[in-house]
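Quick notes on the structure that follows.
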Amino acid sequence: MKIRMSFPEGEIVARLDDTPTTQALMAAIPFEASASTWGEEVYFSTPVTAKLEADAREVVEPGTVCFWVQGNALALPYGPTPASHADECRLVTRVNILGMLEGDAQQLAAIKDGDAILVSAV
């Protein structure tokens, strides 16, 4: 499964694994949200609610597509956050792992607080 996230300065595609959270996300597409940033992470609300999955974790690789259960949000880390130790991508809490971005995750650096994000299926 793939999704496209379009923003004012471009777009990025993600390949998603088949998880319960991914299935709920795919059923909610398309939707639009307002971006927020936290260090080198972009996150935005979704119309999805989910429970933590067995493989949920707090530290991920850059470009991991994460679902922040407490915020009902997609979280897209591409570098260190205020919670990171050294250069790791550490999220504020454990998150569900949905998949990986295709291409260079540093493209997310172009997204600013308040930018519109359109999420659609590919």
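How many times 2.2 N^0.38 Å is the alpha carbon radius of gyration of region 49-110?
Values: Rg = 11.1 Å, N = 62, 2.2 N^0.38 = 10.6 Å.
Relative to the 2.2 N^0.38 Å estimate, region 49-110 comes out at 1.05.
Determine the relative contact order of the chain: mean sequence separation of Cα pairs under 8 Å and six or more apart, normalised by residue count, in whole percent.
Numbers: 294 pairs, mean separation 46.3, N = 122.
Result for the chain is 38 percent.
In region 1-77, what trypsin sites (Lys or Arg not before Pro) fall in a loop by DSSP, with at most 13 other Cβ atoms inside 10 Å? Please report the intermediate quantities before stating the final value.
Details: sites: Lys2, Arg4, Arg15, Lys51, Arg57; in loops: Lys51.
Filter output for region 1-77: Lys51.
Could you pull the Rg and Dmax for the chain, using just the Cα atoms, both in Å?
Rg then Dmax for the chain, in Å: 12.8, 37.
Per residue, how much accessible area does the chain have with a 1.4 Å probe, in Å²? Walk me through the intermediate numbers first.
Details: 5770 Å² over 122 residues.
Using a 1.4 Å probe on heavy atoms only, each residue of the chain averages 47 Å².
Which chymotrypsin sites (Phe, Trp or Tyr not before Pro) does region 16-122 hold that lie in a coil by DSSP with at most 15 other beta carbons within 10 Å? Intermediate results must be reported in sequence, preceding the final value.
Numbers: sites: Phe31, Trp38, Tyr43, Phe44, Phe67, Trp68, Tyr78; in loops: Trp38, Tyr78.
Loop-located and lightly packed - Trp38.
What's the local net charge at Pro77, with K and R +1, D and E -1, over the other residues with C-beta under 11 Å away?
On the way: positive: Arg90; negative: Glu40, Glu41, Glu58, Glu61, Glu88.
Taking every Cβ under 11 Å from that of Pro77, the sum is -4.
Give me the Kirkwood hydrodynamic radius of region 15-72, using the inverse of the mean 1/r over all pairs of distinct Cα atoms, in Å to one decimal.
On the way: mean 1/r = 0.0800 Å⁻¹.
So the Kirkwood estimate lands at 12.5 Å.
Over all directions, how big on average is the projection of the convex hull of the alpha-carbon atoms in region 74-122, in square nanometres?
On the way: hull surface 17.8 nm².
Mean projected area for region 74-122: 4.4 nm², to one decimal.
When the helix-only estimate is applied to the chain (DSSP H runs of n ≥ 4, each -39,500 (n - 2.57), divided by the residue count), what is the mean residue ellipticity at 222 nm, nearest 500 deg cm²/dmol?
Values: 1 runs with 9 residues, N = 122.
Helices in the chain give a 222 nm mean residue ellipticity of -2000 deg cm²/dmol.
Rounded to a whole number, what % of the accessible area of the chain do carbon and sulfur atoms account for, probe 1.4 Å? Don't jump to the answer; show the numbers that get you there.
Details: 2910 of 5770 Å².
Carbon plus sulfur share of accessible area: 50 percent.
The values are calculated or read from the model by the stated rules, or taken from the named source; none is laboratory data. Nothing here was measured: the structure is a model prediction, and the numbers come from that model. Cβ coordinates were reconstructed from backbone atoms using ideal geometry, including for glycine residues, and neighbour counts include every protein chain displayed. To get the accessible areas, we keep the full protein, side chains included, count just its heavy atoms, and leave off ligands, DNA and RNA. Shrake-Rupley method; radii C 1.70, N 1.55, O 1.52, S 1.80 Å.
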